[in-house]
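Take a look at the following structure, please.
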Amino acid sequence: MSTAPAPAPVAGAAESQPDAPKGTDRRRAPLVLRNRAFGAVWLGQVLTQAAVRMFQVGVSWWIVAYAVPEARGLASGLFMAVCTLPAVALAPVVAGAVARCAHRSVLRTAAAVAGVTSAALAVWAYGGGLPLTTVYAAGLALATCQAFFDPCLTTSVPELVDDADIESATGFELSTQSLAGLVGALLGALTVDRAGVAGLAAGCAAAYLGAAVLVASARFRSLATGDADGGAAPAERRPLRRILADLPSVRRILICFTAANLFTAAVFVVIPLYTRSVLFGGGATVALLEASLGTGALVGAFTGTRVPGRPTVAGAWCLTLMALALALPGLFAQRPVVAGCLAVAGWCAGAVSVRFVALFQRMVPTADKPGFFAVMQAVLGASLPVASLVFGSAGDFLSPQTLCLAQGIGLLPAACALALLGSRTPEAASAEPVGGER
């Protein structure tokens, strides 16, 4: 692993939070309860990511089941590709905005704009005659807002919690994606079946606007002064290329996961196709499968720090297990088997994420975090549009079972590469603590 210096300690980290009850042991309560500022922002992230996932799941099912009579795979794959483009294309813009602007303002504005966009789509859909291109445009706008929200929140973690709580905060933050997948799975397709795109958009608008209110109510510390002013710490910015150039081991890890994402991300295109063509189910079946995936990822996010071994070795085993879990539905087409396999795949994804993001929080210098996390999101997300288009288009010619087998087989080289990387990485670097101890 890289020997890059760990982030500088947060100014005022030894001080108690203003919200901490005097005379009590704050560590006995969960972080989201003993730190109200972090709890509010975390809940805001739950709402925003649940909304964007609900929208993506719901629209994907709407395209496959209602809107497009032919070439459903291509249409749904194109939609998912559109939803993943902003995180890649806007990485430099996001990094600049997160580094220059007050983080609370970035988070609040992103949530509010997404809420207004969703509300406008709901009004249009209620009026009837909603064009498919308008839904695509709304998906692009919501994904753009999320592209600003997610890396900004990751960068803001040291402004909300003490240094000793960074790993715990990271686990809660990563669990948000799992919660979002679970809630979006349960509500997205079911809402479309019962209320159409209009009801889907109205629910998303309520979630986004609620998140904007929560973020506005939170107090952010300045890393430079310790004041609760919500400002970003003044730091010298380096070019994005230099950040990864100075972290060679981190760069190689990101490449491995980018390759893996070419096959793991396809699950969101495969699930609706598999539901319609193989299981002959409806929105409830989509909800079951997406909920299984999200529940597994949620459990993985909270248990990832307990997976033994060096991060690269543990990650290689998790990718291998995920490959098996994604391939089995190609051989066994029973609902319980598919749901169980998706739960296992989700657990692997959650466990790997929390191990490596916590490691990166320690390895990347504080001044580089805005740029690094934007680059990380862009590098990992670069494969998502490709995966959506390739597997979506292939779904019009190949059976969903074949796509499942392709996913599993495609993950194995990435798992092998990560294992080889671990064998060549110095033990001291890869053994960086991820359980909160330094």
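The values are calculated or read from the model by the stated rules, or taken from the named source; none is laboratory data. The shown structure was predicted, so the numbers you read here are calculated from the model rather than taken from an experiment. Quick reminder, even Gly has a Cβ in these numbers, built from the backbone with ideal geometry, and neighbours come from all protein chains shown. Surface accessibility is based on the protein's heavy atoms, side chains included, excluding ligands, DNA and RNA. Shrake-Rupley method; radii C 1.70, N 1.55, O 1.52, S 1.80 Å.
Residue check, Ala429 against (1) among the hydrophobic types (A, V, I, L, M, F, W, C); (2) at pLDDT 85 or above; (3) open to solvent by less than 40 Å² (accessible area, probe 1.4 Å); (4) more than 25 Å from Val88 (Cα to Cα), all met but one. Which one?
Failed condition: (2).
Can you list the helices (runs of 4 or more DSSP H) found entirely within segment 345-423 that contain at least 2 residues being under 29 Å from Arg100 (Cα atoms) and open to solvent by 40 Å² or more (accessible area, probe 1.4 Å)?
Working: elements: 369-381, 383-394, 400-423.
Qualifying helices (runs of 4 or more DSSP H): 369-381.
Related question: Considering only segment 71-111, state which residues are of a type in the set (D, E, K, R) and within 26 Å of Phe38 (Cα to Cα). So that I can check it myself, show each step before the final result.
Here is the first cut: in segment 71-111, the residues of a type in the set (D, E, K, R) are 72, 100, 104, 108.
Answer for segment 71-111, where residues must be of a type in the set (D, E, K, R) and within 26 Å of Phe38 (Cα to Cα): Arg100, Arg104, Arg108.
Of the residues that make up segment 239-253, is at least one under 24 Å from Val344 (Cβ atoms), within 20 Å of the chain's Cα centre (by Cα) and in a helix (DSSP H, G or I)?
yes
Next question, about the same structure. Of the residues Arg238, Arg221, only one is open to solvent by 10 Å² or more (accessible area, probe 1.4 Å) and at pLDDT 70 or above; which?
On the way: Arg238 fails: at pLDDT 70 or above.
Result: Arg221 is the single residue among Arg238, Arg221 that is open to solvent by 10 Å² or more (accessible area, probe 1.4 Å) and at pLDDT 70 or above.
Take residues that are modelled with pLDDT of 80 or more and tell me which of the helices (runs of 4 or more DSSP H) falling wholly in segment 1-100 contain 1 or more. Please lay out each step first, then the result.
On the way: elements: 31-34, 36-62, 72-89, 91-100.
In segment 1-100, the matching helices (runs of 4 or more DSSP H) lie at 36-62, 72-89, 91-100.
Tell me whether segment 300-313 contains one or more residues that are under 16 Å from the mean Cα position of the chain (by Cα), among the hydrophobic types (A, V, I, L, M, F, W, C) and open to solvent by 10 Å² or more (accessible area, probe 1.4 Å).
yes
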